[in-house]
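The values are calculated or read from the model by the stated rules, or taken from the named source; none is laboratory data. Please read these numbers as outputs of a predicted model, since none were measured by experiment. Note that each Cβ is placed from the backbone with ideal geometry, even for glycine, and that neighbours are counted across all protein chains shown. Just the protein is used for accessible areas: all its heavy atoms, side chains included, with ligands, DNA and RNA removed. Shrake-Rupley method; radii C 1.70, N 1.55, O 1.52, S 1.80 Å.
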Amino acid sequence: HLLAMEQAVTEAKLDGGIRICLHAQPNVEHPHKAKCIMSMVERRIMLEAIRHVIEVIPYKTESDLLLLLETLEYDVRILGRDYINGHTGHPLPFTGDGVGKELFIASRYAGVSATNYRARLRAEGEI
């Protein structure tokens, strides 16, 4: 996520900084997602420490996120490559896809992901 933010700031010229909408428990509405290892407070502290982040806005449900997307002032929405159909190259459906803001798709960096990090920890017997 850090590399995606850096890429977005650089390529989309987001000099004013980034507002992050932070999902409290993504696995509740998306059972295929892993439960967060860190608490909401820990994740928020980490995000607030990133130089490009100007605000972290927590939310509980996808409906909350949609309301935020419809009411917050922002120019560009940043999503990862996991929101792109690998066969067609077109965006997959996502919360707020009809809001009409510019979309920036950040590249995934090979080997750099929470999923890969968890897998390495499991392989090493750390979790």
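Quick notes on this structure:
- Angle in degrees between helix 2-11 and the longest Cα principal axis of the chain, rounded to the nearest 10: 30
- When you restrict to C-alpha pairs under 8 Å that are six or more residues apart and normalise by the size of the chain, the relative contact order lands at 26 percent.
- Antiparallel DSSP beta bridges within the chain, percent to nearest 5: 10
- With all protein chains kept in place, the per residue accessible area of the chain amounts to 69 square angstrom at a probe of 1.4 angstrom.
- Tilt relative to the chain, helix 114-123 - C-alpha long axis, 0 to 90 degrees, to 10: 0
- Hydrodynamic radius of region 1-121 per Kirkwood, over alpha carbon pairs, in Å: 15.5
- Ranking Tyr83, Asn116, Ile105 by how far each Cα lies toward the positive end of the dipole of the chain (charges on Cβ) leaves Asn116 at the top.
- Among the GluC sites (Glu not before Pro) within region 1-99, those in coil by DSSP and having at most 16 neighbouring Cβ atoms inside 10 Å are Glu73.
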